[in-house]
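The values are calculated or read from the model by the stated rules, or taken from the named source; none is laboratory data. Computed from a predicted structure; not experimentally measured. Ideal geometry is used to build each Cβ from the backbone, glycine not excepted, and the neighbour counts take in all protein chains shown. Calculation scope for accessible area: heavy atoms of the full protein, side chains included, ligands and nucleic acids excluded. Shrake-Rupley method; radii C 1.70, N 1.55, O 1.52, S 1.80 Å.
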Amino acid sequence: MNHRAPADTVDELDRRIIAALQLNGRAPWSAVARWVDASETTAQRRYRALRERGLLRVVGTLELDRTREGSSMLVRVQARPGRGLEVADRLTASPDVRFVAVVTGAADLIVDFVARDNEEMMRMLFTDLPAADLITSTEAVPVIRAFTSASMWDTGLLPAEAAADLRPETLASSCDRADWDVTPQALTTLEQAVVAALKEDGRTPVSTLARNLEHTESSVARAMDRLIARGVLQFRTLVEPALIGYDAEFMVWLSIEPDRLDAAGRQLARHPGTKFLGAATGRFNLVGHMVLPRRTDLFRYTSDVIGALPGLMASDVTLHLVTMKYSWHRMVRPTAARTP
């Protein structure tokens, strides 16, 4: 069982540090300190404390569509009554799964499988599906293009100028990419090793990476710079949204008229609550992972934001009860402190 930490042990300075690292997980501590109004020593100490408590983790992530390392498949899962959490635990333990959420609505679970090719995806979904005996139905939704990704999300807790200062120039919106039709490049052996190491700790110093990988610092630094410049390697700050003031976490599943899909995607990607948004195939062709401050905000969101999208034909919302796994890592769920 995951350790649970009271939410009120995270203060305003902690939240500002989280917000700065969300803008750039590898931002220098001098830059982080400048925007959170604290010394470098204090910022580093707070970060280490949050990480040791399991409340915060910076990880390197691979943008799969820019490589030949695989593809993902979002799967909406219905479990047998009363067995949803058991299914979620077994799926979370799978090395083929990078995201698991227990949700309400037309599905019980949302799962992101990653496979190298179609044969491997067939094995995951049809031959070796974890907890298959407890699952009543699945619906696979392949994401084919991203409008925005979690690494681009701004928590809104810091001034707008912070993003321009902290974020690397190479981190551009997926909407504005010009290389969608370029053949993905395979990673070198060293690049694969760098990505694997940063997947565990995105703030690992180059000197430590070089020592662990038995390469020179210059070669590791060049490999990392190439990956970042090509948009292959990005950095995410994994944190429970409730810790930074977002109590409503949910996914939207939208059916948009095909000729309006690009316009609808760009419009929804600009909303401050959009963490991820992608075009997909199937009955839902626009899928997003969202957050809002309160569940009551969903009322106006569905009418004023979703309802205003061009070409909208149908919509579904699955509200997260708990996110079990995010970007390959099991999440720690904070709880509010209880008074005796």
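What the table below lists for this structure:
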quantity	calculated
Selected residue (criterion: least open to solvent (accessible area, probe 1.4 Å)) from residues of segment 121-151 that are more than 15 Å from residue 92 (Cα to Cα) and without any contact (Cβ under 8 Å) to a residue 12 or more places away in the chain	123
Residue count, segment 218-251 (criterion: among the acidic types (Asp, Glu) and crowded, with 16+ Cβ neighbours inside 10 Å)	2
Unmet criterion (only one of (1) at pLDDT 95 or above; (2) within 28 Å of residue 274 (Cα to Cα)) for residue 167	(1)
Neighbours by Cβ (under 8 Å, 6+ apart or cross-chain): first from segment 43-62, under 15 Å from residue 32 (Cβ atoms); second acidic (Asp, Glu)	46/14; 50/14; 58/201
Filtered residues of segment 142-160 (kept if among the small types (Gly, Ala, Ser) and closer than 23 Å to residue 281 by Cβ)	146, 149, 150
Identity of the residue in segment 22-79, among the hydroxyl-bearing types (Ser, Thr, Tyr) and more than 21 Å from the chain's Cα centre (by Cα), that ends up least open to solvent (accessible area, probe 1.4 Å)	42
Residues of segment 80-111 satisfying the condition of being touching a helix residue (DSSP H, G or I) at 6+ places or on another chain (Cβ under 9 Å) and open to solvent by 60 Å² or more (accessible area, probe 1.4 Å)	80, 83, 86, 90
Single match in 7, 43 (criterion: among the aliphatic types (A, V, I, L, M) and at pLDDT 95 or above)	43
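Per-residue answers, yes or no, for (1) free of Cβ contacts under 8 Å to residues at least 12 places away in the same chain; (2) surrounded by 19 or more Cβ atoms within 10 Å (Cβ to Cβ):
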| position | (1), (2) |
| --- | --- |
| 253 | no, yes |
| 261 | no, yes |
| 273 | no, yes |
| 284 | no, yes |
| 290 | no, yes |
| 293 | no, no |
| 300 | yes, no |
| 305 | no, yes |
| 315 | no, no |
